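To keep things clear, I will list the structure first and then write my remarks on it.
Please treat every number below as a calculation from the coordinates, not as lab data. Predicted model, so just to flag it, every value in this text is computed and none were measured. Positions of Cβ are backbone-derived with ideal geometry, glycine not excepted, and every protein chain shown enters the neighbour counts.
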Amino acid sequence: MTRFLGIIGGSGLYDIPGLKDPKWIDVQSPWGAPSDAILTGTLAGTRLAFLPRHGRGHVHSPTTVPYRANIDALKRLGVTDVVSISACGSFRDDRQPGDFVVVDQFIDRTFARDKSFFGPGCVAHVSVAHPTCPTLSAACMKAGNVAGVAMHNGGTYLAMEGPQFSSQAESHMYRSWGCDVIGMTNMPEAKLAREAELHYASIAMITDFDSWHPDHGAVDVSDVIATLQGNGTKARDLVIALCAGLADAGVVCEDGCDTALTHAIMTAPDKRDPDLIAKLDAVAGRAL
């Protein structure tokens, strides 16, 4: 078994030099249509799948992104590892626009999204005490260093509903909680990836200081876009380095990501809803 890397991120990531045999694939999911078709290929010896989180042309808001369909579609393709790459604001002076943070914790403040594949008819409780894969996160950190990106190892991501940016009071509150970055898209994505027994890592590309910073004030969208363009080049370089690093790596996970459902499913077999079980074939087939 070889690693199959999935990247969820923006459109700037999909024009990568050296991607062999590129092909856009429409994947059907019982959880609805994914955000877009998925671009597959091979890069630096690693199988790769790119999924535009908001769809090409940015058609989905953070709230309307079909998170369950996206994760299911990647798992259905055979993806083993997922790296989320997303734009974020910073709550720390030493984490500046243009820097990348390998996130390892989340605070979920979203409220209008479906957050689980499970429910009535098949109840499951997975642990998200450590919601990212340490092994994959370390590989991302190493790849960023190889690519010459200013990297920060570890950080707490505050996931807000959006689509508006924070008020200044909210920004100060989240900063007082010990959060490092703020974004709108990594939840429930990270929770769903854990339910799907995927190795998941999150890279926050800092674009601004949110609205807490006394020298920067409110988020300026034009500044965000300008920083995003520079970050896109860095992200492509990181993905190339990551693929090269994973090409010779094994798939044994010492952190339990790929066995997260072993003791999580609570509903007795004779009480499970057949329709829901059918929808879970890709996500939870191993455990069911």
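Taking the beta-carbon count within 10 Å as an exposure proxy, list Ser137, Ser202 from fewest neighbours to most. All intermediate terms of the calculation are to be shown ahead of the outcome.
On the way: Ser137 22, Ser202 32.
Arranged by neighbour count, lowest to highest, Ser137, Ser202 become Ser137, Ser202.
Take every DSSP beta bridge whose two residues both sit in the chain, then give the antiparallel share in percent to the nearest 5. The partial results should precede the final answer.
Values: 17 of 46 bridges.
The answer is about 35 percent antiparallel.
What fraction of the Cα pairs in the stretch 42-122, stated in percent, has a spacing above 20 angstrom?
52 percent
Name the most mobile residue of Arg236, Arg109, Arg68, meaning the one with the largest mean-square fluctuation, in a Gaussian network model of the chain with Cα contacts below 10 Å.
Of the options given, Arg109 has the highest mean-square fluctuation.
Give me the Debye-computed log₁₀ of I(q)/I(0) at q = 0.13, 0.15, 0.17 Å⁻¹ for the stretch 85-284, equal point scatterers on Cα only, no solvent, two decimals.
Result of the Debye calculation: -0.76, -0.95, -1.13.
Could you order peptides 264-270, 191-197 by the average number of other Cβ atoms within 10 Å of their residues, highest first?
In descending order of packing, they fall as 191-197, 264-270.
What percent does the relative contact order of the chain come to when contacts are Cα pairs within less than 8 Å and at least six residues apart?
For the chain, the relative contact order is 26 percent.
So for Asp281, Asp210, fewest C-beta neighbours within 10 Å to most, what's the order?
Asp281, Asp210
Apply 1/(1 + (r/R0)^6) to the Cβ-Cβ distance of His130 and Arg286, taking R0 = 22 Å, and write down the FRET efficiency to the nearest 0.05.
Step by step, r from the Cβ atoms, then E = 0.60.
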